[in-house]
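What follows is a single structure, written as structure tokens, with notes after it.
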């Protein structure tokens with residue numbers, strides 16, 4: 001856990017975040033305030049990521065965001081839940097892909113907030129650090145995120161901390177959701193918190209207090225009893241309203 005003083009915001013490492021999440025409700029929605037703040041002081045670890053997943057993170061085709069927005073979002077998510085010595089993070093889980101996909105469907109009402117917020121994050125980064133967010137060093141990215149979290153960063157509507165909390169909540173969802181929804185790639189999020197996946201039956205051995213369930217690495221939708229209907233999509237009209245398919 002990082003040291004802190006009156007001049008340095010309290011920082012909870014990704015390891016502490018995982019303790020708070022726990023394994024029992026990996027795919028459940030949780031209050032945003034439970035996780036603030038979660039910026040780690042560690043630098044990204046691409047080698048760790050590749051080792052953990054067996055390959056470099058894959059960049060999917062965009063569904064909702066522009067290329068510039070996607071680049072900013074991926075960089076922000078990667079610092080909110082970064083790769084460290086305990087394993088891969090939001091980048092390897094493809095949390096940004098989950099958000100991009102959901103902004104065209106279940107999270108369509110947040111599309112304008114992302115458009116304005118990501119642009120504001122890049123403008124603020126250029127003003128105080130000399131480059132857009134994705135081009136900054138890990139240390140400078142963390143400094144910008146702290147400013148956003150504490151509403152020191154300017155140019156956001158209604159304020160920077162509101163956008164910070166929104167992206168944080170969705171990054172957590174994308175890291176620990178059922179992979180069916182576009183995040184938690186290769187089950188890295190569930191593996192981080194030792195969540196074995198949906199169990200339709202539990203044996204006596206698996207109920208022992210010292211038992212460590214073997215991960216099934218199966219989406220809930222891999223089970224026949226769950227519907228395999230494609231997640232609802234939505235389109236925005238000119239007035240900003242959204243309509244599901």
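The values are calculated or read from the model by the stated rules, or taken from the named source; none is laboratory data. Note that the structure is predicted; figures quoted are calculated from it, not measured. We place every Cβ from the backbone using ideal geometry, glycine too, and count neighbours over all the protein chains shown.
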Considering only residues that are modelled with pLDDT of 95 or more and in a loop (DSSP other than H, G, I, E, B), look in the stretch 158-182 and name the one that is nearest to residue 122 (Cα to Cα).
-> 159
Per the filter on the stretch 157-204, residues over 22 Å from residue 63 (Cβ atoms), within 14 Å of the chain's Cα centre (by Cα), crowded, with 19+ Cβ neighbours inside 10 Å and in contact (Cβ under 8 Å) with a residue 60 or more places away in the chain are 190, 192
Does any residue of the stretch 95-114 turn out to be at pLDDT 95 or above and closer than 16 Å to residue 145 by Cα?
-> yes
Subset of the stretch 79-120 [part of a helix (DSSP H, G or I) and closer than 12 Å to residue 192 by Cα] = 90, 92, 93
Out of the residues in the stretch 137-156 that are assigned to a loop (DSSP other than H, G, I, E, B) and in contact (Cβ under 8 Å) with a residue 40 or more places away in the chain, which is farthest from residue 102 (Cα to Cα)?
-> 150
So which residues in the stretch 63-99 are farther than 22 Å from residue 115 by Cα and without any contact (Cβ under 8 Å) to a residue 24 or more places away in the chain, if there are any at all?
-> none
Just to be sure, is residue 240 over 23 Å from the mean Cα position of the chain (by Cα), modelled with pLDDT of 95 or more and at positive phi?
-> no
Note on the stretch 108-135: residues over 12 Å from residue 155 (Cα atoms), in contact (Cβ under 8 Å) with a residue 40 or more places away in the chain and surrounded by fewer than 22 Cβ atoms within 10 Å (Cβ to Cβ) are 108, 109, 110, 111, 112, 113, 115, 132, 134
